[in-house]
Amino acid sequence: AGTGGVPRAQPRHLCPFPAVTSEQIEHLHRRFKQLSQDQLTIRKENFDSIPDLEFNPIRGKIVHAFFDKRNLRQESDGLADEINFEDFLTIMSYFRPIEMNMDEEQLDRFRKEKLKFLFHMYDSDHDGKITLQEYRNVVEELLSGNPHLEKESARSIADGAMMEAASICVGQMGPDQVYEGITFEDFLKMWQGIDIETKMHVRFLNVDTIAHCY
Amino acid sequence: MEVVWAVGQVGAVWLAVVLGLIVLPSALGISLGISEAYMRVLVKTLEWATIRLQKGAKKPQPQVPRTPTANGIIERDETPMEKEIALLHRADFEFSHIFYFCRKGFEAIVEDEVTQRFSSEELLSWNLLTRTNVNFHYISLRLTVVWVIGVIVRYCFLLPLRFTLAAIGITSMIVGTTVVGQLPNGSVKNYLSEVVHLTCSRILVRALSGTIHYHNKENRPQKGGICVANHTSPIDAIILTNDGCYAMVGQVHGGLMGVIQRATVKACPHVWFERSEIKDRHLVTKRLREHVADKSKLPILIFPEGTCINNTSVMMFKKGSFEIGGTIYPVAIKYDPQFGDAFWNSSKYNIVSYLLRIMTSWAIVCNVWYLPPMVRKEDEDAVKFANRVRSAIARQGGLTELPWDGGLKRAKVKDTFKEEQQKNYSKMLVRNGSVG
């Protein structure tokens with residue numbers, strides 16, 4: 001049956017977020033079944049079947065984010081081997097667009113969750129800090145695929161960015177001070193005042209089943 | 001004994017009715033109007049069902065028509081990459097780039113334009129077929145009763161009728177072409193072969209309850225040309241041969257298909273390739289060139305996509321067909337999914353279950369547009385020419401154009417394609433002066 005197995009009750013984890021309509025869940029469920037080839041869980045290999053994703057330079061990080069236990073709101077750390085539909089929805093919920101009826105507190109939490117997701121993408125060793133090396137890794141991945149850009153360019157970009165981050169977060173540093181890495185609070189500071197909520201969402205078209213007359 | 005005799009009588013009457021009302025008019029090329037009457041009843045019933053569904057829906061529906069699902073379920077921001085990154089640009093540009101790629105990545109995961117073309121088109125409202133009842137739930141008793149009647153009509157009346165017709169059609173095709181094949185080559189043979197092909201095509205179209213509207217018949221493919229069309233299902237060929245004679249191109253199959261191929265090639269110069277020959281592209285091109293050069297031969301029919309697409313879009317045309325030369329006659333075929341889904345999802349259904357689904361649908365309704373002939377320009381290469389033809393077909397049929405290869409149904413993206421995209425991104429970075 002087409003709709004067999006769709007969880008009708010909202011998973012607990014989604015409660016802090018505005019409600020997802022049941023039609024959107026059905027669409028996502030169908031997509032999940034397509035990706036998992038009708039299995040109950042997805043593994044990393046299942047994402048290989050998406051042609052559009054092949055072009056994305058940070059494809060690896062995006063797929064990784066789906067299996068990152070910090071994003072799945074589980075208490076433990078590390079990587080999951082496979083995720084089920086509830087986990088899939090949890091990750092997709094990071095890209096929910098803003099609803100009109102959210103209050104200040106909800107908006108703030110919303111924004112923090114999105115930025116945390118992004119932070120986890122940079123912080124690959126899960127130690128709560130983005131170090132210079134991790135930053136370099138991300139920049140290299142973004143620039144990967146073009147053989148003409150040398151590693152040096154990637155390094156200089158990363159170094160420049162870290163210095164700017166340091167100056168925003170710590171202010172003037174003494175000659176002996178070493179900037180260890182960007183913590184989440186520093187990360188939040190960097191993005192103060194910039195509107196990311198409208199840049200980091202996927203908006204569904206109105207998918208109500210309206211009857212169509214000839 | 002009596003029972004057998006009675007059954008024999010019924011069978012004979014049945015056959016006589018079928019022959020008289022359907023086969024004979026097909027042979028003569030006239031229509032008795034039965035199909036038209038059936039379609040009118042069908043349309044009225046589906047309209048009624050749609051109104052019931054609308055009444056039965058719990059929430060009040062706004063009068064805004066729904067965005068066609070052919071273009072997807074999520075709203076995509078079509079801002080080019082450069083503009084969007086510029087909007088977010090700060091000194092730490094990578095963060096803004098990460099946003100852009102993150103979002104694109106998620107959009108691709110929720111829905112990618114390629115994979116959705118390999119599954120059937122979603123309907124705006126239910127057409128009383130069980131198989132399309134994914135989104136629609138129980139509405140009312142009356143609707144369910146009509147649906148049950150529909151099931152009975154389709155499986156107990158239409159299916160045997162269609163099966164009989166298909167059997168008659170295929171048998172007469174084999175027998176007819178074998179007989180004609182015995183004649184010496186000449187104009188009589190060609191004329192008779194055309195008659196046989198046309199008649200059998202018409203019978204087969206009626207076997208599917210096909211209602212086909214042909215547009216711009218003055219552009220019909222001429223002899224010595226190449227006819228090119230978008231591919232949705234194996235019955236595309238029958239749809240086209242219903243209105244004209246073509247020389248088919250294809251691989252030799254085994255089984256029933258092989259028998260048909262061997263029989264028809266005696267009467268009419270179809271081009272059937274052995275499996276080993278198909279791999280040799282030069283051989284294929286050479287044979288097709290020879291065929292086209294002979295102006296007395298029928299136009300050849302080719303489907304350059306190479307695989308069945310779900311009729312909402314046209315994918316990449318393989319350039320091989322466009323290197324042969326000669327005049328190209330493009331044809332656009334668009335099926336109406338409300339009456340029956342013609343798309344063959346070969347990874348989901350095999351040919352037998354596909355034919356069964358087709359024969360238990362309401363009908364196959366489609367529009368065929370003959371487009372004006374096109375010739376390759378002096379400075380155009382085969383790929384550009386192929387794209388030009390593809391655009392014309394897509395525009396006429398109301399289909400979207402995708403640059404993707406139909407082969408993606410089974411294979412992964414080619415590395416060359418990927419590198420192209422990555423180069424574009426890197427070029428943009430260098431231009432912005434963000435590097436070095």
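The numbers here are math on the coordinates, done by the rules we state, and not lab data. Keep in mind that this is a model prediction, so the values were computed, not measured. Neighbour counts are summed over all protein chains in view; Cβ atoms, including those assigned to glycine, are modelled from backbone coordinates with ideal geometry.
Roughly speaking, what is the stretch gain from B:Arg262 to B:Thr285, that is 0.36 nm per residue apart minus the C-alpha to C-alpha distance, in nm to one decimal?
Taking 0.36 nm per residue and subtracting the Cα distance, the gain is 6.1 nm.
Return the FRET efficiency for the residue pair B:Lys55, B:Val145: r is the Cβ-Cβ distance, R0 is 25 Å, and the value is rounded to the nearest 0.05.
0.95
Can you give the FRET efficiency for A:His64 and B:Ser276, using 1/(1 + (r/R0)^6), R0 = 51 Å, r = Cβ-Cβ distance, to the nearest 0.05?
Given R0 = 51 Å and the Cβ-Cβ separation, E is 0.65.
Longer than 27 Å from Cα to Cα, which of B:Lys217/B:Lys295; B:Lys189/B:Lys334; A:Lys44/A:Lys114; A:Lys44/A:Lys189; B:Lys295/B:Lys334; B:Lys286/B:Lys377 are they? Say none if no pair is.
From the list (B:Lys217/B:Lys295; B:Lys189/B:Lys334; A:Lys44/A:Lys114; A:Lys44/A:Lys189; B:Lys295/B:Lys334; B:Lys286/B:Lys377), the Cα-Cα distance tops 27 Å for B:Lys189/B:Lys334; A:Lys44/A:Lys189; B:Lys295/B:Lys334.
Calculate the dipole size of region B:216-322 relative to its Cα centre from +1 charges on Lys and Arg beta carbons and -1 charges on Asp and Glu beta carbons; express the result in debye to the nearest 20.
About 300 debye.
Can you say what percent of the DSSP beta bridges in region B:141-409, counting only those with both residues inside, are antiparallel? Round to 5.
The antiparallel fraction comes to roughly 25 percent.
Need one value for A:59-68: mean number of C-beta atoms belonging to other chains within 10 Å of its residues' C-beta atoms.
Going residue by residue through A:59-68 and averaging, the value is 2.
Expressed in nm to one decimal, what extension gain is obtained for the pair B:Phe163 and B:His215 from 0.36 nm per residue of sequence separation less their Cα-Cα distance?
Length gained between B:Phe163 and B:His215: 15.8 nm.
Give me the distance in nm between label points sitting 7 Å out from Cα along the Cα-to-Cβ direction at B:Val43 and B:Glu378, one decimal.
That separation, rounded to one decimal, is 5.0 nm.
Please list, in order along region B:146-152, the HN-Hα scalar couplings obtained from phi with the Karplus expression 6.51 cos²θ - 1.76 cosθ + 1.60 (θ = phi - 60°), rounded to whole Hz, x for Gly and Pro.
Along region B:146-152, the couplings run 4, 5, 5, 4, x, 4, 5 Hz.
Which value, in Å³ per residue, describes the convex hull spanned by the Cα atoms of region B:248-363?
With only Cα atoms used, region B:248-363 gives 143 Å³ per residue.
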